[in-house]
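K.L.:
The structure follows.
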Amino acid sequence: MTDLHHHGDRELAPGLVDLAVNVRAGTPPPWLRDVLRRALDDVAAYPDAGPARAAVAAAHGRDPAEVLLTAGAAEAFVLAARALRPRRAVVVHPSFTEPEAALRAAGHPVQRLLLEPPAHRLGPVPVDADLVVLGNPTNPTSVLHPAAEVAALARPGRVLLVDEAFADTVPGEPGSLAARHDLPGLLVVRSLTKTWGLAGLRVGYALGPPELVAALAAAQPHWPLSTPALAAAAACTTPAARAEADAAARELAEHRAALLAALPPGLVVGEPRSSFVLLRVPGGARVRAALRQRGWAVRRGDTFPGLDADHLRVAVRDPGTSRAFAADLAAILGAEIPGPLPTTTSLPAAVPEEHR
Ligand SMILES: Cc1ncc(COP(=O)(O)O)c(C=O)c1O
């Protein structure tokens, strides 16, 4: 049975370069650290969620009644699992596993809908599914489903939970449904963890119809977010912060292109659009171990439903780091490094069987 609670942080160890966790490098930025430090001056008082809720609502063109602040996206999944009574819950995979884990922990049967590699395009969803969960862009495939295809899954009598934890890693957020208050039952879940480097603070939010937001809120303890977390939510959703996130997303696209250009050919699965890429590497478990010996931590793929040990997820870092990683990976595989010389499209025959 897949360990639905396995996450990239378990791959880390002192001395390893972190390509396993998709938090943006160099974050939180200094101005955000200042916001957090200043928030400490106010922690004697109970937290006031009002300003943060208003800021999030304004950022997405929503009413504050359509906003639920949560202790990370992870809390939103648990609240949805506790508040809803789905008769047929369908989770689209391969995908982040916490939504399914939360549904199972709440006692709901879960049906997995496995998308076909390598494109992992959205397929038809059972018409009687009254809860559909998917990520966009999706961890770990890095696939970005077109917004219209995701929106088409919404219908009366169904909750459509879209995990948009990585939406702001795509310039202009073309796949996001965060502003769509016209779609019935749409619950968009967002996170400040990745772009802003706040994994340890626990801050995210859900956007949806007021009655759905109220139902989730009823399952939440009082004062669920600390004063520093609320300060971060307000600060990271200002127009200036969102512009900064968009600039980071544009730089990320360049860095991703550098990683893709450096990698040995034939390994990348699908068309990556987010801050990580999914690789299919023959002998994946052995390759992952060899990468660790050379100082690299990558995310194993076999804990994601639909993937196996030959799948490795690699975070996009600066081009220098990516090139060094790609060179080590190529050396491990015995493949040629792409460059001005002609390149191979598959592993050369000289690679021993156990490394293929
Ligand atoms: C796709 C996806 N959604 C949600 C989360 C959890 O985000 P948060 O830290 O806001 O709980 C993660 C964390 O890895 C993730 O990869």
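The values are calculated or read from the model by the stated rules, or taken from the named source; none is laboratory data. Note that the structure is a prediction, hence the values are computed from the model and not measured. Quick reminder, even Gly has a Cβ in these numbers, built from the backbone with ideal geometry, and neighbours come from all protein chains shown.
K.L.:
Evaluate the following for ALA44: is it farther than 30 Å from ALA215 by Cβ and under 17 Å from the mean Cα position of the chain (by Cα)?
P.N.:
Criteria not met by ALA44.
K.L.:
Also: Is there any pair linking a residue in the range 142-163 that is β-branched (Val, Ile, Thr) to one that is in a helix (DSSP H, G or I), with Cβ under 8 Å and at least six apart or on different chains, and which?
P.N.:
VAL159/ALA80; VAL159/LEU212; VAL162/VAL150
K.L.:
Could you check the range 147-206 and list, in sequence order, the residues that are charged (D, E, K, R), buried (at least 23 other Cβ atoms within 10 Å of the Cβ) and under 19 Å from ALA217 (Cα atoms)?
P.N.:
ASP163, ARG190
K.L.:
Oh, and also: Given the options ALA76, ALA58, name the one that is outside the structural domain of ALA289 (by TED's automatic domain parsing) and within 23 Å of GLU244 (Cα to Cα).
P.N.:
ALA58 is the lone residue from the list that is outside the structural domain of ALA289 (by TED's automatic domain parsing) and within 23 Å of GLU244 (Cα to Cα).
K.L.:
Wholly within the range 138-244, which strands (runs of 3 or more DSSP E) include no fewer than the required count, namely at least 1 residues that are more than 16 Å from the ligand (Cβ to nearest atom)? Reasoning before the result, please.
P.N.:
Numbers: elements: 159-163, 186-191, 204-207.
Filter on the range 138-244 gives 159-163, 186-191.
K.L.:
Can we say ARG104 is part of a helix (DSSP H, G or I) and more than 24 Å from ASP246 (Cα to Cα)?
P.N.:
Values: part of a helix (DSSP H, G or I): yes; more than 24 Å from ASP246 (Cα to Cα): yes.
Considered against the rule, which asks whether it is part of a helix (DSSP H, G or I) and more than 24 Å from ASP246 (Cα to Cα), ARG104 comes out as yes.
K.L.:
Under 7 Å between Cβ atoms, which residue pairs at least 6 apart in sequence (or on different chains) link something in the range 15-44 that is touching a residue at least 12 places away in the same chain (Cβ under 8 Å) and closer than 29 Å to TRP296 by Cα with a partner that is away from the ligand (no atom under 13 Å from the Cβ) and among the polar types (S, T, N, Q)?
P.N.:
Within 7 Å, the pairs are VAL17/THR321.
K.L.:
Checking the condition without any contact (Cβ under 8 Å) to a residue 12 or more places away in the chain and under 26 Å from VAL150 (Cα atoms), which residue from ALA57, ALA65, ALA81 passes? Walk me through how you get there before you give the answer.
P.N.:
On the way: ALA65 fails: without any contact (Cβ under 8 Å) to a residue 12 or more places away in the chain; ALA81 fails: without any contact (Cβ under 8 Å) to a residue 12 or more places away in the chain.
Going through ALA57, ALA65, ALA81 in turn, the sole match is ALA57.
K.L.:
Out of all the residues in the range 303-334, which are surrounded by 23 or more Cβ atoms within 10 Å (Cβ to Cβ), among the aliphatic types (A, V, I, L, M) and not in a helix (DSSP H, G or I)?
P.N.:
If the condition is that a residue be surrounded by 23 or more Cβ atoms within 10 Å (Cβ to Cβ), among the aliphatic types (A, V, I, L, M) and not in a helix (DSSP H, G or I), then LEU307, LEU312, VAL314, ALA315, VAL316 are the ones that fit.
K.L.:
Filter the range 24-79 down to residues that are among the aromatic types (Phe, Trp, Tyr) and farther than 20 Å from ALA167 by Cα and give me whichever is surrounded by the most Cβ atoms within 10 Å (Cβ to Cβ). Break it down into steps so the answer makes sense when it comes.
P.N.:
The initial filter retains those residues of the range 24-79 that are among the aromatic types (Phe, Trp, Tyr), namely 31, 46, 77.
Next, only the ones that are farther than 20 Å from ALA167 by Cα stay: 31, 46.
On the way: TRP31: 11, TYR46: 9.
Applying the filter and picking the extreme gives TRP31.
K.L.:
Separate question: Can you tell which of ARG85, ARG10, ARG38 is under 19 Å from the mean Cα position of the chain (by Cα) and basic (Lys, Arg)? First the steps, then the outcome.
P.N.:
Working: ARG85 fails: under 19 Å from the mean Cα position of the chain (by Cα); ARG38 fails: under 19 Å from the mean Cα position of the chain (by Cα).
Only one candidate qualifies: ARG10.
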